[in-house]
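Working notes, beginning with the structure itself.
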Amino acid sequence: MTQLVLLSGWGCDARIWQPLAEHWPDGVSVSAPDWPGYGGRAPLAPPDCLDALAEAMARELPTDAVWVGWSLGGLLAGPLLARLPAPRALILLGMGARFCDPEGVSRAELTAFRRAFARDPEATLAHFQRWQLGGEPSPRDAHRRLRTLLNGGPPADTATLAAGLEWLETLDLASALAGAGCPVIRISGANDPLQAPAAIARADHRLEQAGHCPMLSRPAAPAEALATLAAAPHRAPAAPTAEACP
């Protein structure tokens with residue numbers, strides 16, 4: 001049995017993974033814990049304490065599982081690896097060693113985004129949720145699906161969201177990933193609008209006709225890729241592979 005723990009990104013709770021549910025193959029067990037401050041879970045105090053985050057998530061991140069971190073969820077894996085026993089493998093979906101990149105989302109852009117969030121959190125979050133969908137085959141359909149998934153549930157804690165933006169701007173996983181103590185595999189959507197082209201090219205596996213949120217536009221593709229790579233993480237491709245499109 002392959003055990004996956006799915007970690008969501010900024011502004012989205014664990015419901016973001018629901019479209020994959022019908023696509024998991026036999027032999028895969030999946031859990032999707034919410035971060036503190038998301039999905040009605042109590043936020044940390046203070047929300048930007050990485051030691052407290054590791055302590056809060058420790059029971060939900062077993063060592064015999066493969067951790068899958070999407071976007072900010074992947075970026076937070078570095079601090080967690082430094083504070084918790086290593087998993088069987090770590091898969092980064094839509095994230096590299098850092099978020100900010102001059103050819104992707106620059107630090108200046110993210111700083112301006114943080115200022116906008118401080119002025120109007122709700123409107124800025126809504127803007128980001130549309131922005132991240134720009135690389136999907138039908139951004140409008142993906143946005144409709146995202147709203148259907150997230151509407152009606154508890155909103156994310158505002159201070160937790162602000163801490164997440166700070167982490168997106170400042171965290172750098174280069175050292176943590178180099179000494180991770182487990183295989184690290186990167187998956188990127190070929191049209192991810194939040195990643196630099198060079199970062200997408202360096203991914204171990206690319207999802208064609210997908211952007212930053214393939215779980216909303218092509219859920220079968222990330223489910224298949226995650227299950228396959230997690231089943232044999234030590235045999236991840238040495239050179240990037242691209243998923244064939246129908």
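Here, each number is a calculation from the coordinates, and none is a lab measurement. What you see is a predicted model; the values in this text were computed from it and never measured. Positions of Cβ are generated from backbone atoms using ideal geometry, with glycine treated the same way; all protein chains shown enter the neighbour counts.
Here the stretch 64-182 is treated as a Stokes sphere of Kirkwood radius computed over C-alpha pairs; at 25 °C and 0.890 mPa s its diffusion coefficient rounds to 155 µm²/s. In the set (i) 0.93; (ii) 1.02; (iii) 1.33, the label that goes with Cα Rg over 2.2 N^0.38 Å computed for this structure is (i). Packing, as the average of other Cβ atoms within 10 Å across residues, places the peptides 17-27, 76-86 in the order 76-86, 17-27, highest first. In the chain, helices alone account for a calculated mean residue ellipticity at 222 nm of -10500 deg cm²/dmol, with every DSSP H run of four or more residues adding -39,500 (n - 2.57).
With 19 Å as the cut-off, how large is the P(r) tail for the stretch 1-145, expressed as percent of Cα-Cα pairs? So the portion of pairs separated by more than 19 Å is 58 percent. Within the shell defined by Cβ-Cβ distances under 13 Å, the residues around Val5 carry a net charge of -1, with Lys and Arg each +1 and Asp and Glu each -1. Note on Met1 and Arg59: with the Förster distance fixed at 30 Å, the Cβ-Cβ geometry gives a FRET efficiency of about 0.95. Along the axis of the charge dipole computed for the chain (Cβ charges of +1 for Lys and Arg, -1 for Asp and Glu, origin at the Cα centre), the listed residues Ala163, Gly78, Ala126 are led at the positive end by Ala126.
Of all DSSP-defined beta bridges confined to the chain, some 5% are antiparallel rather than parallel. About its Cα centre, the chain has a charge dipole of approximately 200 debye under the convention of +1 per Lys or Arg Cβ and -1 per Asp or Glu Cβ, with nothing else charged.
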